[in-house]
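First up is the structure itself, then whatever we jot down about it.
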Amino acid sequence: MTTLLGLELAGRRVLVVGGGPVAARRAEALLADGAEVLVVAPELCEALAQVVRAGRVTWRAERVRPEHLDDAWLVHTATGVPAVDEAVVAWAAERRTFCVDAGGGDRPAAGTARTPATARRDGLLVGVVSTGGADPRRSVAVRDALLGHLDTGAVDLRRRRGPRPGQGRVVLVGGGPGDPGLLTRAGRRALAEADVVVTDRLGPVAVLDELPPGVEVVDVGKRPGHHPVPQAEIGRLLVDRALAGHVVVRLKGGDPFVFGRGGEEVVACREAGVPVEVVAGVSSALAAPTAAGIPLTHRGTVGAFLVMNGHDGWSEAALTGLREETCTVVVLMGVAVLPELVAGALAVGVAPDLPVAVVENATLPGQRVTRSRLDAVVAAAQDGRVHAPAVLVLGRVAADGLLDGTVAAAGVTIAS
């Protein structure tokens, strides 16, 4: 019967018999585990020769003999010569030393140990080993399927032995515009490891219902005119939970580095000595236009786009791009200041009939798109009771019917 057993090889001698590509791969894997590798072979392939030249393994340029197995904790055969490999297997058995036999050709692998198909994920070593005759390709296929399942975030990957003070970390996860399907696999994997999730009100909040029992969820979401948890306090919260030994996920709408204050949170963590990483997300600046069927660039229409925060007001680059119709402008957080934005654009000569689209609740079931010309969009937004969260898209690409070739004079249309 074959069992799957993790061996601690760091600092221990492992003998690799053979100098070909299989031996090179095995040597690299053993080095990654910290083993002291001895290679015995009359000649080496180039890949293994490079490892020897780098001083990472010891090479004896001779034919293998029984005494080469002395002091070895593990032996691996990879000569491809049946008689030699079988002899090494027998010598290892005499010494009660586990031996992995690579086999080859029509000869089945022998030996007293098997090398599982392995991969590392999130502090775990996932391995699959066959229990009958060695079948490496089958093991690899099963391993890859298991890794794919882990990558979906469907497995609870939290550490079970409690927090370890000083060993926590923070992960800023860009959750995308709201549809959980647009949360990346890396983001889901981070959530699967989380002890604490600090969340905004926007983004894929539906995934919070999928978290395992016991995960602490802290809502720090901001609403227009209402910021119950100041940004400095959010930074302290992340740092305190991480220093207590927790894995903390900061789940944000869109992308953390696109008007998400992710940079400020990274700085807060680094100043406190807390490890922090950032998982990119799909920004609503890109997702909202796409969900509404609006290409930000379109050959023959426009070849560039600019993203801005509405509360910061117009930049000269944005106004020039709109006036000369050389770029599409996407405005985040612009609904509350829409009248001021429109007045400012018209005052500097932006065309009154420039198409504008307002995309509310992008990618969610309640998505709604309001289209109008620039000089009528304020009234259209008021009549349609447009509200945040919404993304403004200004430019010829926002014209209704662009993609089916039926662009008409800009009027007002509202679509759910």
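The values are calculated or read from the model by the stated rules, or taken from the named source; none is laboratory data. These numbers were taken from a predicted model, which means no experiment stands behind them. Every residue, glycine as well, gets a Cβ built from its backbone with ideal geometry; the counts of neighbours run over all protein chains shown.
Tabulated data for the structure shown
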item: Enumerated strands (runs of 3 or more DSSP E) restricted to region 1-91, each holding at least 2 residues that are of a type in the set (A, V, I, L, M, F, W, C) and in contact (Cβ under 8 Å) with a residue 24 or more places away in the chain; result: 13-17, 36-40, 74-77
item: Residues within region 69-81 that are under 13 Å from Val17 (Cβ atoms) and surrounded by fewer than 19 Cβ atoms within 10 Å (Cβ to Cβ), tallied; result: 2
item: Of residues in region 179-230 being touching a Pro at 6+ places or on another chain (Cβ under 6 Å) and touching a residue at least 60 places away in the same chain (Cβ under 8 Å), the one surrounded by the most Cβ atoms within 10 Å (Cβ to Cβ); result: Leu183
item: Test: residue in region 368-380 that is closer than 21 Å to Pro204 by Cα and not assigned by TED's automatic domain parsing to the domain that holds Ala206; result: yes
item: Candidates Leu374, Leu332, Leu338, filtered to the one that is without any contact (Cβ under 8 Å) to a residue 40 or more places away in the chain and in contact with a strand residue (DSSP E or B) (Cβ under 8 Å, 6 or more places away or on another chain); result: Leu374
item: Selection within region 96-116 - modelled with pLDDT of 85 or more and surrounded by fewer than 15 Cβ atoms within 10 Å (Cβ to Cβ); result: Arg96
item: Any hit, region 245-263, residues being surrounded by fewer than 16 Cβ atoms within 10 Å (Cβ to Cβ) and in a helix (DSSP H, G or I); result: yes
item: Leading residue by the ranking (nearest to Ala381 (Cα to Cα)) among those in region 341-357 that are among the small types (Gly, Ala, Ser) and touching a residue at least 24 places away in the same chain (Cβ under 8 Å); result: Ala357
item: Set Leu296, Leu403: member being in contact with a Pro (Cβ under 9 Å, 6 or more places away or on another chain) and surrounded by fewer than 14 Cβ atoms within 10 Å (Cβ to Cβ); result: Leu403
item: Region 3-50: number of residues that are over 16 Å from Ala61 (Cα atoms), of a type in the set (A, V, I, L, M, F, W, C) and out of contact with any helix residue (DSSP H, G or I) (no Cβ under 7 Å at 6 or more places or on another chain); result: 10
item: Hey, Ala61 under 20 Å from Pro116 (Cβ atoms) and over 43 Å from the mean Cα position of the chain (by Cα) or not; result: no
